[in-house]
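First up is the structure itself, then whatever we jot down about it.
The values are calculated or read from the model by the stated rules, or taken from the named source; none is laboratory data. Predicted model only: the values in this text are computed from it and were never measured. Note: ideal-geometry Cβ built from the backbone for every residue, glycine included; neighbour counts use all protein chains shown. Calculation scope for accessible area: heavy atoms of the full protein, side chains included, ligands and nucleic acids excluded. Shrake-Rupley method; radii C 1.70, N 1.55, O 1.52, S 1.80 Å.
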Amino acid sequence: MTSALVPKKKKKKWVSYSFLFILPSLLIYTLFVIGPTISSFYLSFTSWDGVSPEARYIGMANFEEIWNSERVHNALKNTILLTIALVILENVLALALAMLVDQVRWFKNFFRSIFYFPVLLSGLVMGFVWTIILNYNFGVLNRLLELAGLDSLKTDWLGNPDYALVSIILSTVWKSAGYYMIIYLAALQGVPPELNEAASIDGANKWQQFRHITFPLLAGAVTVCMMLSMIGSLKIFDQIAVMTDGGPGFATETLTYIVYKVGFGELRQGFGTAMALVLFLLILIVSIIQIKVLRRREVQL
């Protein structure tokens, strides 16, 4: 009986020791993630300014202001436009790059590295780089237009409300497309070349091979990339903070950025926390709907 009980005692002892190993990380995670998350539910019902020791309870006033605020409505519109444009452009460009690199016979790793390099830059660095490129007075883009004799096309790309959001979208696509390209490129390795060869013998052209063979087999990668792209687009912050600061006016202010501006710039932590909760629910709902739609599409393909 004694020999039979020894393994159980050792197992219990090991479990207790393993808990001690994860305890420091658990305490840090609780202090900086779980604790603030729980407190945010209470703060969203207060008018706390982020400085005062007391937070005055105001009920649903923050959420009523969110519902009626024109500024929030404008931020929601910008967020929707930004998300739709980024999800489409990032995935189309990433898939095109993946198909291109997959067909290259020489220097494949070189081209893969070149296209992936922008992903390694932080959002802040990327924002500074594109701010210099798009600067009206000494920017590279306007300088190239001058050299090409197209002075009439010069504009203040980040200072014009008509072009500021477009500039952020295109710069973000440049940074992120390489990340999704790697996912699509990995998925392309699972497409049997025999299928395309058989289709080619039967008379199918390149587009028909892609439409009826390659793309359906990439359905899983499409689901992953579109979901990641959508979540990243809804949370975009660094590029806006560096390139436009939400301006000109409120032309590039998104839901994520308005949380920061209101909470830290205007010292309305209660309202900012309520906005963060609304954004969290929005991302959760959209993600669930997107996953269900794309999973159903996978089955159909």
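Side notes on the structure shown:
- Tally, over region 251-293, of residues that are part of a helix (DSSP H, G or I) and touching a Gly at 6+ places or on another chain (Cβ under 9 Å): 15
- Pairs, first hydroxyl-bearing (Ser, Thr, Tyr) in region 56-74, second open to solvent by 70 Å² or more (accessible area, probe 1.4 Å) and at pLDDT below 95, C-beta under 9 Å, six or more apart: Tyr57/Tyr42
- Scanning region 256-268 for residues that are modelled with pLDDT of 90 or more, open to solvent by 10 Å² or more (accessible area, probe 1.4 Å) and of a type outside the set (Phe, Trp, Tyr) yields Thr256, Val259, Lys261, Arg268.
- Options Ala85, Ala94; residue that is within 30 Å of Met275 (Cα to Cα) and modelled with pLDDT of 95 or more: Ala85
- Checking Thr273, Thr256, Thr252 one by one, the residue that is among the hydroxyl-bearing types (Ser, Thr, Tyr) and farther than 22 Å from Met126 by Cβ is Thr273 and no other.
- Region 105-158: number of residues that are among the hydrophobic types (A, V, I, L, M, F, W, C), more than 17 Å from Val173 (Cβ to Cβ) and open to solvent by less than 50 Å² (accessible area, probe 1.4 Å): 1
- Region 194-250, subset without any contact (Cβ under 8 Å) to a residue 24 or more places away in the chain and under 21 Å from the mean Cα position of the chain (by Cα), residue most open to solvent (accessible area, probe 1.4 Å): Asp245
- Selection of helices (runs of 4 or more DSSP H) fully inside region 122-196 by the criterion of at least 3 residues being within 20 Å of Cys225 (Cα to Cα) returns 161-188.
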